[in-house]
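What follows is a short report on a single structure.
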Amino acid sequence: MSPLSSVTTPRVTRSGQTRRGQRGAHGGHSRPLIGFGSEQVIAELDERIKQIDTRLGELANQVRDVEAARRLRHDRRDAFLSVRGVTWDSIDVELARGLLEAAEEEVERAKTANPDLARLEEAAREADRLWKIANTAAHEAADCETDARARSRD
């Protein structure tokens with residue numbers, strides 16, 4: 001027997017199968033199969049899996065970036081639509097002041113034209129003043145009552 005026949009490295013037979021000594025790559029001699037070196041295939045598959053995992057990570061990052069950009073675009077679109085729905089009259093301070101002054105002048109003209117309105121306004125102011133005085137007095141009375149009860153318990 002030659003020293004080369006005891007070598008355990010795979011060899012390819014005439015039929016294309018691989019063998020290690022008397023043992024085929026797929027085990028035993030029971031059935032002839034076209035064989036291959038499984039270690040090499042496993043290593044190639046492991047490398048391919050690593051490449052696929054790397055690519056999946058890259059794609060996941062791209063998806064995250066695209067989603068963030070989409071959210072930003074939608075937020076900007078919503079902001080633009082909000083601004084587009086606002087009229088200049090609704091944000092024009094000078095116009096608002098002018099409208100307020102015109103309304104106040106209209107009230108004054110109405111009071112001048114109808115003295116009853118002026119008397120009603122004065123009565124409303126007086127009623128408001130009296131209510132504030134009464135409300136303050138009621139709170140002060142409640143505070144005094146609370147203090148008196150606390151002293152009587154002691």
Discussion item. I need the shape label for the stretch 63-154. Rule: rounded when a/c is under 1.5, else prolate if a/b > b/c, else oblate, with a, b, c from the alpha carbon gyration tensor.
Written reply: oblate
Worksheet item: Along the Cα-to-C-beta direction of CYS144, a point sits 7 Å from the Cα; which residues of the stretch 106-138 have their amide N less than 18 Å from that point?
Response: 132-138
Worksheet item: Tell me, in nm to one decimal, what length is gained between ARG84 and ALA113 on full extension, where the rule is 0.36 nm per residue of separation less the Cα-Cα distance?
Response: 6.1 nm
Discussion item. Run the numbers for ARG76 and ALA137: contour at 0.36 nm per residue of separation, minus the present Cα-Cα distance, in nm.
Written reply: 16.4 nm
Fill in: Gain in span if fully extended, GLU44 to LEU59, counting 0.36 nm per residue against the direct Cα distance
3.2 nm
Item to complete: Compute the accessible area per residue over the stretch 81-154, keeping the other protein chains in place, probe 1.4 Å, unit Å².
Response: 89
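The values are calculated or read from the model by the stated rules, or taken from the named source; none is laboratory data. Here the structure is a predicted model, which is why all the values come from computation and not from measurement. Neighbour counts are summed over all protein chains in view; Cβ atoms, including those assigned to glycine, are modelled from backbone coordinates with ideal geometry. These area figures cover heavy atoms from the full protein model, side chains too; ligands, DNA and RNA do not enter into them. Shrake-Rupley method; radii C 1.70, N 1.55, O 1.52, S 1.80 Å.
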